[in-house]
Amino acid sequence: MTAAPTPGDEPSPIRVCLVDDQTLVREGIRGLLALADQVEVVAEATDGIEGLAVIDAEDPDVVLLDLRMPRRDGLALLEDLAARDGPMPPVLVLTTFNDDELVLQALRSGARGYLLKDVTLDQLVGAIERLADGGTLVQPSITAGLLERLGTPATSEVPIGPPPSLTPRELDVLGLVAAGFPNREVAAALHLSEGTVKNHVSSILVKLDARDRTQAVLRALELGLVDPSRSHPRDR
């Protein structure tokens, strides 16, 4: 007789909430993700009002968010999520080519990354895994281009001022954070403990006057502290 598999042998799938008002888009993304064992769509919503309710109810690992929606849009939902008690879930913005300004506003409001809606399954699953692991998907080369095209319209949340004095090690950590690494991978790359990396990240956030890792990357790009041509190792 074959023994039953031991519970816990396989990791639990990443629980995803999909917020988009377009039925065909939701169906397409849900159909794509159904092909990936490591991801499970646990909730869907058609606008920010429904989105907040299902996120509160399901507590997903990652939220896939459209920005242009009726009633309450994606930016408003990000504000609602940031205002809640407890940690904000990792949010991946699904965007189109003409959403540059909205994308930057979303990143400044707490989104952890963005992808075009015509992504492949591998790209989408990889992005979800990266955010669930604590990383970001803010590609410096693309984001720097957005900032340049929009005239780097910094907000009061990411104030412009003299470049902060980061240590050489903090600059190393910041470069890897900008490349999308979560703390665990930063620690492995720099041969540091994860606790030490967390301390460096905390110091970087304070020095850059940034609320989170994504804002730190935006601030670093605005100040020229990271190389926009550097890609995440997984993208090479």
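At-a-glance table
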quantity: Label-to-label distance, nm, for residues given as Glu79 and Arg211 (7 Å Cα→Cβ offset); calculated: 1.1 nm
quantity: Cβ-Cβ FRET estimate between Leu121 and Glu10, R0 fixed at 35 Å, reported to 0.05; calculated: 0.95
quantity: Least to most buried among Val125, Val19 (fewest other Cβ within 10 Å first); calculated: Val125, Val19
quantity: Region 29-104 - percent relative contact order, Cα under 8 Å, separation 6 or more; calculated: 27 percent
quantity: Neighbour-count ranking [beta-carbon atoms within 10 angstrom, fewest first] of Thr167, Thr46; calculated: Thr167, Thr46
quantity: For region 14-132, with +1 on Lys and Arg beta carbons and -1 on Asp and Glu, the positive-most of Ser109, Gln22, Leu77 along the dipole; calculated: Ser109
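No value in this document is a laboratory result; all are computed from the given coordinates. Being a predicted model, the structure only gives us computed values, none of them experimental. With ideal geometry, Cβ positions are generated from the backbone for all residues, glycine too; neighbour counts draw on all protein chains shown.
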